[in-house]
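No value in this document is a laboratory result; all are computed from the given coordinates. Fair warning: this is a prediction, and the values are worked out from it, not measured in the lab.
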């Protein structure tokens with residue numbers, strides 16, 4: 001099955017761009033103060049935010065499918081953009097999982113997350129070197 005995803009980008013003012021998904025959700029993009037008006041994340045920052053958000057969403061979804069209750073979940077992502085490549089080349093995740101589940105169960109959820117995260121697959125196919133530090137607390 002093929003699913004269509006939609007996006008529209010419209011110039012608002014100066015370098016501020018409104019992007020929407022065709023489903024009544026929108027975000028304003030902008031550039032930092034030295035170039036823009038800093039009214040929103042840059043498109044690249046939004047891409048990195050999407051990666052972190054997708055990882056957390058899929059992790060929570062896999063936990064739910066496995067009937068593993070999560071008390072809390074936080075995925076922090078630090079991405080490195082090299083001037084040479086002109087884009088993100090490295091991504092480092094620090095993930096905090098609060099659950100009573102055993103460590104092997106958390107690792108299984110993590111493995112399933114990597115296999116099913118569509119934004120993660122995009123970063124992987126782009127050759128972004130990604131590392132994960134998963135910390136589990138009760």
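When the chain is treated as a GNM with alpha-carbon contacts under 10 Å, the residue of 62, 49, 39 showing the greatest mean-square fluctuation is 39. Counting DSSP beta bridges in the range 7-138, what percent are antiparallel, to the nearest 5? The antiparallel proportion sits near 70 percent. The chain has equivalent-ellipsoid semi-axes of 31, 18, 15 Å, by the square roots of 5 times the alpha carbon gyration tensor eigenvalues, sorted largest first. Comparing 23, 108, 67 in a Gaussian network model of the chain, where Cα atoms under 10 Å apart are tied by springs, the biggest mean-square fluctuation is seen for 23. Under a Gaussian network description of the chain, with springs only between Cα atoms under 10 Å, the residue in 73, 35, 114 that fluctuates furthest is 35.
Calculate, in nm to one decimal, what residue 11 and residue 102 gain on full extension: separation in residues at 0.36 nm each, minus their alpha carbon distance. Could the numbers behind the result be given before it?
Details: separation 91, 0.36 × 91 = 32.76 nm, distance 4.93 nm.
Going from the current span to full extension adds 27.8 nm.
The share of alpha-carbon pairs in the range 1-40 lying farther apart than 13 Å comes to 54%.
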